[in-house]
Amino acid sequence: MTKIIKVFDSISEIVFPENIYCICCGDLIPGSRVHGLCDACVEKLKWLSENPFESRLDEFSFDSVTSLVQYDYYAQKIVHNLKFHGKSYIANNIGRLMGELFLTSKICDDPIIAPVPMYIGKERSRGYNQAALLAERIAGICDAEYIKDLLIKTKRTDSMRTARAFGRLNALDNSIELNTAWARKIKGRNILIVDDVVTTGATAEKCSEAIKMAGPSSINILSFAAVNYKGN
Ligand SMILES: [Zn+2]
């Protein structure tokens, strides 16, 4: 819990406009709550203090996973508001928290930050890639380099949200590719891939595999929420 407490300490004095709504329950909250959550929802969210993939990292090609909260009912409400209800401003709130988490967690130095890519047609219809909004916000908080199109999604995979865990790797196939225009730039660099939710790790793994061939120093995953494998 220590690092989470630090996160809230470090942002508690910054003032934002008044009368904003809790990004979880929709209640009016004081404008000073830059994380966008009312007290009740801060209490309800299960803040993660450990890497949810710690015991399974040898199954993957990325080096670390860091997530802010457990993906429970309340975290799901926040993510759904961000993804499916057009509330893109939520990315400012949780992106800020994720940026503060990155700074306090010392995941890696001087990273290149990039989002899990979204298929271009899907991004056009939604209006934004929520992972890209988060990644850009985090890069701003951390004063780090942001490359939106480091990875490209070449195929639409609609079934991902409901696919069963064991089927997800196959469902993805080779639909995530490195943008070769950036290949030389990422050699020897620390890479931070941002997503809203990490579930099985299959999407993160595909991103990591695509980047690996360009020889980065490390590949790290940062998400707002994670399924807690210890609890499953
Ligand atoms: Zn609330």
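Every residue, every condition in (1) touching a strand residue (DSSP E or B) at 6+ places or on another chain (Cβ under 8 Å); (2) of a type in the set (Lys, Arg), yes or no:
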| residue | (1), (2) |
| --- | --- |
| Ser64 | yes, no |
| Lys77 | no, yes |
| Asn81 | no, no |
| Ser88 | no, no |
| Gly99 | no, no |
| Cys108 | yes, no |
| Ile112 | yes, no |
| Val116 | yes, no |
| Ser125 | no, no |
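Would you confirm, using the coordinates I've provided, whether Pro52 is out of contact with any Cys (no Cβ under 6 Å at 6 or more places or on another chain) and free of Cβ contacts under 8 Å to residues at least 60 places away in the same chain? Considered against the rule, which asks whether it is out of contact with any Cys (no Cβ under 6 Å at 6 or more places or on another chain) and free of Cβ contacts under 8 Å to residues at least 60 places away in the same chain, Pro52 comes out as no.
Can you name every residue in the range 14-30 that is among the β-branched types (Val, Ile, Thr), more than 8 Å from the ligand (Cβ to nearest atom) and modelled with pLDDT of 50 or more? Ile20, the sole residue that qualifies. Does Ile94 count as under 17 Å from the mean Cα position of the chain (by Cα) and at pLDDT 90 or above? In short, yes. In this entry, Ser67 passes the filter for residues that are at pLDDT 90 or above, at negative phi and crowded, with 18+ Cβ neighbours inside 10 Å. Looking across the range 31-50 at every residue that is more than 10 Å from the ligand (Cβ to nearest atom) and either polar (S, T, N, Q) or modelled with pLDDT of 85 or more (or both), the one that is surrounded by the fewest Cβ atoms within 10 Å (Cβ to Cβ) is identified as Ser49. Cβ separations smaller than 9 Å between residues 6+ apart or across chains give the following pairs from the range 25-40 residues that are among the acidic types (Asp, Glu) to residues that are more than 6 Å from the ligand (Cβ to nearest atom) and in a loop (DSSP other than H, G, I, E, B): Asp39/Arg33. I'd like to verify a number: residues in the range 138-159 that are more than 17 Å from Ile211 (Cα to Cα) and either surrounded by 15 or more Cβ atoms within 10 Å (Cβ to Cβ) or among the polar types (S, T, N, Q) (or both), how many? Number of matching residues: 8.
Can you find, within the range 107-137, the residue that is surrounded by the most Cβ atoms within 10 Å (Cβ to Cβ) among those that are small (Gly, Ala, Ser) and either touching a Gly at 6+ places or on another chain (Cβ under 6 Å) or assigned to a helix (DSSP H, G or I) (or both)? Talk me through it step by step, then tell me what you get.
Restricting attention to the range 107-137, the residues satisfying the condition of being small (Gly, Ala, Ser) are 114, 121, 125, 127, 131-132, 135.
Retained after the next criterion (residues that are either touching a Gly at 6+ places or on another chain (Cβ under 6 Å) or assigned to a helix (DSSP H, G or I) (or both)): 121, 125, 131-132, 135.
Working: Gly121: 10, Ser125: 8, Ala131: 25, Ala132: 20, Ala135: 29.
In this case the residue turns out to be Ala135.
If we keep just the residues of the range 51-77 that are of a type in the set (Gly, Ala, Ser) and closer than 18 Å to Val227 by Cα, which is farthest from the ligand (Cβ to nearest atom)? Can you show your working first?
Of the range 51-77, the ones of a type in the set (Gly, Ala, Ser) are 55, 61, 64, 67, 75.
Next, only the ones that are closer than 18 Å to Val227 by Cα stay: 55, 64, 67, 75.
Values: Ser55: 32, Ser64: 30, Ser67: 20, Ala75: 12 Å.
Among those residues, the one meeting the criterion is Ser55.
The values are calculated or read from the model by the stated rules, or taken from the named source; none is laboratory data. What you are looking at is a predicted structure, and each value in this text was computed from that prediction instead of being measured. Here Cβ is always computed from backbone atoms with ideal geometry, including for glycine, and neighbour counts include all displayed protein chains.
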